[in-house]
1. Any residue in the range 313-334 that's exposed (fewer than 13 other Cβ atoms within 10 Å of the Cβ): show its pairings with residues that are part of a loop (DSSP other than H, G, I, E, B) at Cβ separation under 7 Å, as long as the two are six or more apart or on different chains.
2. Would you check if Lys133 is over 30 Å from Leu264 (Cβ atoms) and of a type outside the set (Gly, Ala, Ser)?
3. Within the set of pairs 6+ apart or on separate chains, which have a first residue in the range 348-362 that is under 12 Å from Ala332 (Cβ atoms), a second that is at pLDDT below 90 and loosely packed, with under 14 Cβ neighbours inside 10 Å, and C-beta atoms under 7 Å apart?
4. Please state which of the following conditions Ser38 fails to meet, knowing it meets all the rest: (1) free of Cβ contacts under 8 Å to residues at least 40 places away in the same chain; (2) of a type in the set (Ser, Thr, Tyr); (3) outside the structural domain of Asn16 (by TED's automatic domain parsing).
5. crowded, with 20+ Cβ neighbours inside 10 Å and not in a helix (DSSP H, G or I): is that true of Ala168 in this structure?
6. Which is within 30 Å of Phe230 (Cβ to Cβ) and surrounded by 11 or more Cβ atoms within 10 Å (Cβ to Cβ), of Gly71, Gly52, Gly86?
7. Out of the residues in the range 31-74 that are of a type in the set (Asp, Glu) and out of contact with any Cys (no Cβ under 8 Å at 6 or more places or on another chain), which is modelled with the lowest pLDDT?
8. Among the listed residues Tyr159, Tyr106, which satisfies the condition of being of a type in the set (Ser, Thr, Tyr) and over 21 Å from Thr234 (Cβ atoms)?
Amino acid sequence: MENYEPSGTGESPLANITEWVNVTLPPRLLAEGRSEGSKAKRETNTMPQWAGSCWYYLRYLDPDNDRQACGPQKENYWMPVDLYIGGAEHAVLHLLYARFWHKFLYDLGCVSTKEPFKKLVNQGMILGEDGQKMSKSRGNVVNPDKVVADYGADSTRLYEMFMGPLEAVKPWSMQGAQGVYRFLQKTWRMIVDEDTGELAEAVKEFPAGETTLRLLNQTIRKVGNDIETFNFNTAISAMMIFANHLSGQAVRPKSAVQTFILILAPFAPHIAEELWQRLGYSDSLAYEPWPQYDQELAKEKEIELAVQVNGKIKDRIIVGAEADEEQIKQKAFASKKVVAAMANRPARKIIVVKPRIVSIIT
C-alpha cells in the first residue's frame with residue numbers, strides 16, 4: 001500500500017485496499033443457497049493476539065467442541081480456575097484483559113461465573129547477577145541448563161524458591177545456588193553412607209527424643225502452611241534448621257528421617273526419591289500422604305525474649321512458653337543488666353510482645 005493511514009470512515013486501513021476486500025468466493029467457501037461466483041467482502045476489523053490468550057483457559061476445558069467455545073456442562077464443572085499464577089509483566093496485557101473478556105462472556109450468558117480466577121498470584125522476575133533484567137545484550141543471562149549440569153535439577157529448583165518471596169523481583173546469585181547445593185549434599189550424607197551408598201549406620205529404628213519430635217512437628221506445620229501461602233523460601237529455611245539438628249545427632253531416628261524426606265519431596269523430588277529407596281521403600285513417595293503434625297508436640301516449652309530499655313536491647317530472658325505477661329515482666333526485672341540500664345529510674349511504660357520482646361521505657 002502506498003497509503004496505510006486510517007480510512008477516515010472508522011474502518012481499519014485494510015478497508016482502503018478494495019481489490020483485497022472485495023472477493024469472489026471459491027466453491028469450497030460457498031454457503032448453502034449461494035451460487036458459484038458469489039461476491040463477498042473480507043473482514044477488516046482485526047483483533048490483537050491477546051484475543052486468543054484472553055480466554056484460552058475456557059477452550060482448554062472443551063478443545064474439540066466445534067459448536068461452542070466451551071460446553072456449559074464442562075464449564076460448570078471446572079470453572080472458576082482455583083489458582084492462576086502469572087508474571088507481573090502480564091498484569092495488564094493478559095491478566096486484566098482476561099478478566100474483562102470473562103465478564104463480557106458472563107453478560108452474554110456463555111459462562112456461569114462472574115470472575116475467571118478464584119486466586120491470582122503474580123510471581124516476581126528473576127534478574128541477572130548484576131541486578132538488571134536478563135538479556136543477551138547485557139551478557140547477564142543465566143542458562144539453567146548449565147546450572148543443572150553443575151549442581152543438579154533439584155538444586156536449581158530449590159534455589160529459585162529459596163531466593164526470596166515468590167512475588168518479589170530478585171537477582172540471581174551463583175553463591176546462593178551453591179549454598180542450596182551444599183544443603184542437599186548435607187542431607188544426603190546425613191542419611192547415606194558415602195563409602196557404601198547404603199543407609200548410614202546412624203539411621204536406626206530408634207524413638208525420637210523430645211527435642212527432635214518438637215522440632216519435627218514444628219517443621220511439618222511450618223512447611224505445610226508455607227506451601228499453602230507460597231512462602232517457599234521460609235519453608236526451605238525451616239527444613240535447613242531441622243537438617244542441621246538431625247545431622248548433629250549420633251543416632252538419627254528412621255521415623256524422623258523418612259518424615260523429613262516426605263516434606264522435602266515437593267521441593268527436591270529427585271534426591272527425595274533416591275533417599276526414599278535407600279530407606280527400603282520400593283514404591284514412589286509420590287503416593288505417600290502428607291505428614292500430619294501434632295499440635296501439642298509442636299508447642300515450645302520455653303521461649304526467649306529480648307529485653308530493651310529505652311529502645312536498646314540490654315539482655316535476653318528465657319521463660320516458659322505458657323508464662324503470662326506478669327511473669328515475663330518479673331523475669332525481665334530480675335535481670336542484673338536490665339536493672340543496671342534502668343539506673344534506679346522507674347519504669348514509665350512496659351510493653352510485652354510475646355514471644356519476641358519486652359520493652360521498658362523509663
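The values are calculated or read from the model by the stated rules, or taken from the named source; none is laboratory data. Predicted model only: the values in this text are computed from it and were never measured. Cβ atoms come from the backbone with ideal geometry, glycine included; neighbour counts cover every protein chain shown.
1. Qualifying pairs under 7 Å: Ala321/Lys299; Ala321/Glu300; Ala321/Lys301.
2. When the stated conditions are applied, Lys133 passes them.
3. What qualifies is Val352/Glu325.
4. Ser38 satisfies every listed condition except (3).
5. The answer is no for Ala168.
6. Of Gly71, Gly52, Gly86, the one residue that is within 30 Å of Phe230 (Cβ to Cβ) and surrounded by 11 or more Cβ atoms within 10 Å (Cβ to Cβ) is Gly86.
7. So the residue we want is Glu32.
8. None of the others qualify; the one that does is Tyr106.
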